[in-house]
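Take a look at the structure set out below.
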Amino acid sequence: MMELKRRQAMGLGASAFLSAILAGKVSLAGTDTSTLTIAFNANLPSFDGTTGLSGVNPAIQAIYRSIYDQYIGQKTDLSLEPGLITAWGWNDDKTKVWFDVREGVKWHDGTPLTPGDVIWSLERAAKPETGNPVASVWASIGNFTVSGNKVTGDVKNFDPTIFKWMAFLTGYVLPKAYYEKVGAEGFEKQPIGTGPYMFDAYEGNSFLRLKANPDYWGGKPAFDTVVFKFVTDATSRVAEIESGSSDVTLEIPYEEYDRLSKKKGLAGVTTPISDIGMIFITNVGPMLDKNVRLAAHHAIDKAGIVKKLLRGYGVPIDTLEAPQYDAYDASIRVGYDPDKAVKLLAASGYSKDKPVAFKIQTTRGLKPKDYEMVQAIVGMWRKVGIEAEIEVYEVAKHFELRAGHKLAPAAFYNWGNAIGDPTTSTGFAMFSKSPHSGWKSDDVDALIGPLWGEKDEAKRIAGWKAADKYIAEQGYVIPLLQYVQPIVFKSSLKVQPNVSSALQPTLVSKA
Amino acid sequence: MTASDFLSRLLAALLTLFGVGVVIFCLLRVVPGDPIAMMISPSATPADITALRAHYGLDRSIFEQFVIWIGDVAQGDFGRSISLKRPVVELVGERLPASLELVFAALIFGVVSGGLIAVAGTLSRKTPVEPLLDLINGLFLAVPDFIWALALVLLFGVLWPVFPLSGRMDPSVSTDFATPFYLIESMIRLNLAVMLDILGHMAMPVLALGLPLASIIARTLKEALNEAMVQDYVLLGRLKGMSEMRLVLGEALRNAVGPTLSLTGVQFTFMIGGTVIVERIFSFPGIGSMAIDAVINRDLPLIQGIILAFGTLFIAINIIVDALSNRLNPRQTHG
């Protein structure tokens, strides 16, 4: 019998140990077609999508839409479809709302969904003390009464977008009895909804495992198990999909998208989404001069930026409405015209030798090529007589400055609007009473103000288009481009892109 | 260490932590970034903002907020996370063990491999192997941990995918653990499959954190060993016919390990700081990864809790290293 010396035995042990680790990895990473693994670009801070920061974080709505259902569903083109509410509307004079609650729906614990759950969710969302960040939206309706599965309520303040909000941020139906039984902390540990997938396991900042809801009212989901891996670093997401560790990933650099989507075994899809890049103009200093504002806009070659910096992945825009939005008007154009920019500046006494100077703030690394884009814009401005100093700020600082109306004269940021309504784009970005507007002036308010409560939908949309036209003519904001979302996935799958940007597992199927 | 020494160290530690608490509390409220501004929706009215601010207690003066916070901390209540909506103590208690397992594994890797390189370098003095070892060591030393992390992702995650890229364990593994120390628990329970899976997930972060530490230890220990190797007692041993290996391991190492230990303690605290980026790259659910989210979201109670946890850890490590140094220093051991 061969005898092992101590050193040999230790060496063998170490080899066996390493081999076992490697072998364990291989077996665990084996292909499993009943499991969908998504290398996701955001962490999930909370399972309650109706309160706090999570409620207004567009990036994690895909997860909420997997576990819960919204009052009203949303198609991938942003249009509404029946959700837990199958029909909805106002009475003739729009003093009341009504909606029908879907019958035969079960919570993940097997108990039936009732109109009471829907009313409780709406009333809870309307209470500021629950921490719902858009409580005022939900408080615009109330005093609900139930008859069968039909719910009727009073319109306290007419909001033409209330039903759109039912498919938007914080618009989720939660289980009244279960929530009251387990409380907020119990719900965080074991959340239940009516959605296509049920909570199974969660490791904060690491992964969320869901299992298919066999009783889902919309039919059995395509995968038995869905795993959201929280991979917030874009390089790591590229590695996840390239190594085969994940089946789908999103929001990777466009260079990587071009490379990976051509790779054998992988496929890709891109779509313009409800998120735009823009430059807020604050009504201070040189920006009070219309010529400066318009010159700053005309001097930017948006198509060139999209082509050269974003590899063609972007859609130049001239208003805050993207083409998929309700108030988009293709006839409103500002146009790239550096000669006109020079003339406008000259009219105000500025030139390349005597440039107008101001600061432009930007994020760096938050959105694709954000800083590089601003660098390019500053270069374009310099050619016409605008000398801009770049200041990089963090997201938190941007929000604080914006809420306090203290942004620099020009400030780059992005703006999402997953319901495509003009109130949630031009409205909140330009109305002086909004905490998020950059430009605040009475002339804009006079145009926008009456539209908040306009009951005639055609008139309302026409009013927003007129406001957008006026804002473009005055140069009160510089819309730049609509972002394009890249998604890479295994070629054994099919992915339906979503304009709202939410990569829901229900949009992924086997090819 | 006598009882009075211990008490004085404890008092100093508490005072230091109080100072850390004061500084971080004030700093967070001075730097730009309002957590409420981040969570208000575009439709929020001034009344909504006021209500939210009151909901999180941010409508009070800084002094008032501090008095409330420090009073609660004294009673073990570190507040609730704004973004995660859970008690800070609970969150830190869940995540810190993951980071601790990671850094201790990296420490073990760094000490063992650094020690081996130092011994190998000492044994190969004045041979062609020595400059080669120094060159490799210098390379490891020059590359920071996050670059290692990215290089490892490319090497062992994509080109030769042998290690998992992200997470603490495979999502298919049951999370039915009694404690947050998954690795230790799986070892105690002799659950080999889970233990190997966890170790596999730790492999790349441990290498990323441990390689720079290993090179520092290798360099410091080798220098100390080289100094020791020309001392009289080593020369005497050599005259007695002791082998070079025995001289290094049996004679020189004991005296050379002191300065290396002190340096290891310092580097260990740096390594804990390094977890912030490394955990992010590998989506490792430790306290470092949580710290980034807390800062991005301006989650003030959570940031404060994490900083205090880091502070406590640093102080504890310093006390342990001091105690070990005293223990290993013959001059102090024998009075």
Which helices, taking whole DSSP H runs in chain B, have alpha carbons extending 27 angstrom or more along the helix axis plus mean Kyte-Doolittle at least 1.6?
-> B:3-30, B:88-123, B:300-328
Determine, at each q value in 0.18, 0.21 (inverse angstroms), the log₁₀ of I(q)/I(0) that the Debye formula gives when each Cα of the range A:268-369 is one equal point scatterer.
-> -1.05, -1.28
For the residue pair B:K126 and B:L328, what label-to-label distance in nm results when each label sits 7 Å from Cα along the Cα-to-beta-carbon direction?
-> 2.8 nm
Over all directions, chain B yields a Cα convex hull whose mean projected area in nm² is 23.0 nm²
Cα-Cα pairs in the range A:414-511 separated by more than 16 Å, as a whole percent of all pairs, come to 63 percent
Shape metrics for chain A, restricted to C-alpha atoms - Rg then Dmax, Å = 25.8, 100
Compactness relative to 2.2 N^0.38 Å, alpha carbon Rg of the range A:231-301 | 1.76
Taking the dipole of the range B:1-135 about the Cα centre (Lys, Arg +1; Asp, Glu -1; charges at Cβ), the one of B:A106, B:A47, B:V20 that reaches farthest to the positive side is B:A106
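Tally Lys/Arg at +1 and Asp/Glu at -1 over every other residue whose Cβ is under 11 Å from the Cβ of A:K176; what's the total?
Taking every other residue near A:K176 into account, the sum is -1.
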Given charges of +1 on the Cβ of Lys and Arg and -1 on the Cβ of Asp and Glu, with all other atoms neutral, how large is the dipole of the protein assembly as shown about its Cα centre, in debye to the nearest 20?
-> 1620 debye
Sparse-neighbour loop sites [trypsin sites (Lys or Arg not before Pro); the range B:235-335; at most 10 other C-beta within 10 Å; DSSP] = B:K240
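Express the C-alpha Rg of the range B:148-197 as a ratio against the empirical globular expectation 2.2 N^0.38 Å, rounded to two decimals. Display every interim value, and only then the final one.
Working: Rg = 13.1 Å, N = 50, 2.2 N^0.38 = 9.7 Å.
Cα-based Rg divided by the globular estimate yields 1.34.
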Within the range A:406-432, the residues whose backbone N lies under 13 Å from a label point placed 7 Å from the Cα of A:K359 along the Cα-to-Cβ direction are A:406-412
Residues with amide H under 5 Å from that of B:R80, placed H, sequence gap 5 or more = B:V88
What residues qualify as long-range amide H neighbours of A:L503, i.e. H under 5 Å apart, gap of 5 or more or another chain, H built at 1.01 Å from N?
-> A:A62
Helix-only [θ]222 nm of chain A, DSSP H runs n ≥ 4, -39500 (n - 2.57) each, per residue, nearest 500 | -9500 deg cm²/dmol
Which whole-number value in Å³ per residue fits the convex hull of the alpha carbons of the range B:120-228?
-> 147 Å³
Order of B:E101, A:E457 under a 10 Å beta carbon neighbour criterion, fewest first | A:E457, B:E101
Proxy reagent accessibility, fewest Cβ within 10 Å first, across A:K340, A:K181 | A:K181, A:K340
With DSSP loop assignment and no more than 12 other C-beta atoms within 10 Å, the trypsin sites (Lys or Arg not before Pro) in the range B:90-156 are B:K126
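Could you please tell me the mean projected area of the C-alpha convex hull for the range B:231-284, averaged over all directions and given in square nanometres to one decimal?
The directionally averaged projection comes out at 5.2 nm².
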Just the Cα atoms of the range B:182-232, one point each, no solvent: what log10 I(q)/I(0) does Debye give at q = 0.20 Å⁻¹?
-> -0.72
Please provide three numbers in whole Å: the alpha-carbon extents of the range A:158-317 along the principal axes, with the largest listed first.
-> 61, 54, 29
Using a basic spin-label model with each label point 7 Å from the Cα along Cα→Cβ, how many nm lie between B:D77 and B:M187?
-> 3.8 nm
Neighbouring Cβ atoms within 10 Å as the yardstick, rank A:R460, A:R124 fewest first.
-> A:R124, A:R460
Please name which of A:S79, A:P191, A:L260 has its Cα lying farthest along the dipole of chain A towards the positive end, using unit charges on Cβ (Lys, Arg +1; Asp, Glu -1) and the Cα centre as origin.
-> A:L260
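What are the semi-axes of the equivalent ellipsoid of the range B:94-287, taken as the square roots of 5 times the eigenvalues of the Cα gyration tensor, listed largest first and rounded to whole Å?
Result for the range B:94-287: semi-axes of 36, 18, 14 Å.
Read-outs throughout are calculated quantities, based only on the coordinates presented, and are distinct from any laboratory measurement. The shown structure was predicted, so the numbers you read here are calculated from the model rather than taken from an experiment. FYI the Cβ positions are ideal-geometry reconstructions off the backbone, even for glycines, and counts take in every protein chain you see.
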